[in-house]
Amino acid sequence: MAAWQIWALSSAVFAALTAIFAKIGVEHVSPDVATFIRTVVVLLALAALVGATRQFPDVAKTSARSYFYLVLSGLAAYVHRTILDPSKIRSAAPPNTPSLSTPPYQPPAPGAI
């Protein structure tokens, strides 16, 4: 098997595992809290990778312009995920009209878990 095939297969497997674990893990958890937890895990894993490969000195060499655009990129991702998420946009239909939108998150009743 060629190296690119191994990387492609690994990518597909981990993409599938990400979806499966996220679906299981988001049960009884707000989607925003679930995203926060996954983001913290990714941040810690990336910090370990950057530290292990001794790339932290590169952070000090990064220009202010690069930081500016990286921050804008992060803010755009935040807006896309939290504000423009289609599951959070309410329908403009009258109140008693059936809708295909996802209902808002409601925590489980005490003792239901």
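The values are calculated or read from the model by the stated rules, or taken from the named source; none is laboratory data. Just so it is clear, the model here is predicted, and its values are computed rather than measured. Cβ sites come from the backbone with ideal geometry, for glycine too, and all protein chains shown count toward neighbours.
At-a-glance table
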{"quantity": "Spans of helices (runs of 4 or more DSSP H) in the range 1-89 with at least 3 residues surrounded by 10 or more Cβ atoms within 10 Å (Cβ to Cβ) and of a type in the set (Val, Ile, Thr)", "calculated": "3-25, 31-52"}
{"quantity": "Check on Gly111, at pLDDT 65 or above, within 27 Å of Ala34 (Cα to Cα), of a type outside the set (Lys, Arg) and exposed (fewer than 10 other Cβ atoms within 10 Å of the Cβ)", "calculated": "yes"}
{"quantity": "The range 23-53, residues that are under 17 Å from Ala77 (Cβ atoms) and either under 13 Å from the mean Cα position of the chain (by Cα) or touching a residue at least 24 places away in the same chain (Cβ under 8 Å) (or both)", "calculated": "Pro31, Asp32, Ala34, Thr35, Phe36, Ile37, Arg38, Thr39, Val40, Val41, Val42, Leu43"}
{"quantity": "Unmet criterion (only one of (1) modelled with pLDDT of 90 or more; (2) loosely packed, with under 10 Cβ neighbours inside 10 Å; (3) within 26 Å of Phe21 (Cα to Cα)) for Gln106", "calculated": "(1)"}
